[in-house]
Amino acid sequence: MATFYQTQRDETYHIHEYADKIEKEGVHLFSKFRQMLNSYTLFHASFFLLALVELSIFSISIMNYTESIAFIITLASIVLTIFSYLILNYYFQGKKVEQFRELRANFLQSCKKHIVPSLTEEEIHLAIAKNSFQLAATLGQNRIYALSLPPFEFFKEFLLKSRFVFHFKDVLIMQELLIQLSLDEYIAVLRSEPTDLAIHTSLANVYMTLSKIYQRSPELASYISDTIFKKLELPEKIEIATKSAIEELKILDDLAPNDPWTHAQLASCFHGLERWDDELSEYEILANLRAKDKEIILRLGILYFKLGKTAKGLLSYESLRKIDAKYADHLLTHYHSLKLTT
């Protein structure tokens, strides 16, 4: 995500070398995490196949009217398999988070092993923070769920969806742990440089990205139901992350007032929280800063119509018509839809 406040820091060979080394440690973490997911997939698949075989034998024994002793043994083995699966699954679920924390701790420890005396404390924190943040973003991609199984290519889509459902929460937990590490490292720098615009921008970006991780994308909606979405408390987490981003953006606005990037991000955050009045205020500021920006005028006009400020909405239409007739026509459709619903 591009940021407006990007200060130029003098970077030496040692900084680049250190960044490359911890990037390799990040690749190692990614690989280890995938191995963990694969082992859990193997666990679920093994019990599924075993249960399938036992059910097949059970069905055959019923159809062939086999002896009652064989029938009882087969039925008992099915019950034992299901019971064993539930017990072991409960144990592994409780153990997962601790394993993920240990994986993160090992990553941090490995990063510290590459530190050289020429690096400052600030450079070390920033390098770890950036790499942790990038890792969290990488984990959200679909390839973390993919398996390399050429003979079973026709099962690929089924396996991908199954692993997504089984491991969505695991990936989310690991992303949270890595983002928390990134936040901790940025805050460590902030203690010595409390008014650094670049650090506050990075923190705002991290919080905004975190809120997007929690959001229910169209792909996620096809796999995860509304009930599970709410059970994971994702809507509450989105709100907390977005409010944290707003706090950082307001700090940026106080330190460097009237910057369009800051107000655009604030408007986006308020839009996510459905705080339309606050979003409108940000777009009014943006319209003053960038009077010729048709995207800003369009969104401003839509918000005016949405909030019942029709006269101001028509003034926005008048301004937009002088810049781009198509945008103006699009804005007018919101006025028409407003008239139809009243």
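The values are calculated or read from the model by the stated rules, or taken from the named source; none is laboratory data. All values derive from a computational prediction rather than experimental measurement. Glycine gets a Cβ as well: all are built from the backbone with ideal geometry, and neighbour counts include every protein chain shown.
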Within region 225-247, work out how many residues are modelled with pLDDT under 85 and under 15 Å from the mean Cα position of the chain (by Cα). 5
Within region 24-55, residues being at pLDDT below 90 and among the acidic types (Asp, Glu) number 1
Within region 240-254, tally of residues that are in contact (Cβ under 8 Å) with a residue 12 or more places away in the chain and surrounded by fewer than 15 Cβ atoms within 10 Å (Cβ to Cβ): 2
All but one of (1) aliphatic (A, V, I, L, M); (2) closer than 30 Å to LEU203 by Cα; (3) at pLDDT 85 or above hold for ILE15; which doesn't? (3)
Sort through ILE62, ILE72, ILE78, ILE87 and tell me the only one that's among the β-branched types (Val, Ile, Thr) and modelled with pLDDT of 90 or more. ILE87
Which one of these does LYS169 not meet: (1) under 16 Å from the mean Cα position of the chain (by Cα); (2) crowded, with 17+ Cβ neighbours inside 10 Å; (3) modelled with pLDDT under 90; (4) charged (D, E, K, R)? (2)
Name the residues in region 303-325 that are surrounded by fewer than 21 Cβ atoms within 10 Å (Cβ to Cβ), under 35 Å from the mean Cα position of the chain (by Cα) and in contact (Cβ under 8 Å) with a residue 12 or more places away in the chain, would you? LYS306, LEU307
Among residues of region 85-144 being of a type in the set (A, V, I, L, M, F, W, C) and assigned to a loop (DSSP other than H, G, I, E, B), the residue farthest from ALA188 (Cα to Cα) is VAL116
Considering only region 113-166, state which residues are modelled with pLDDT of 85 or more, of a type in the set (Lys, Arg) and over 26 Å from ASN205 (Cα atoms). LYS113
Go through region 27-64 residue by residue and tally those that are more than 30 Å from LYS95 (Cα to Cα), among the hydroxyl-bearing types (Ser, Thr, Tyr) and exposed (fewer than 15 other Cβ atoms within 10 Å of the Cβ). 2
Looking at region 269-282, which of its residues are crowded, with 17+ Cβ neighbours inside 10 Å and closer than 20 Å to ASN205 by Cβ? CYS269, PHE270, HIS271, GLY272, GLU279, GLU282
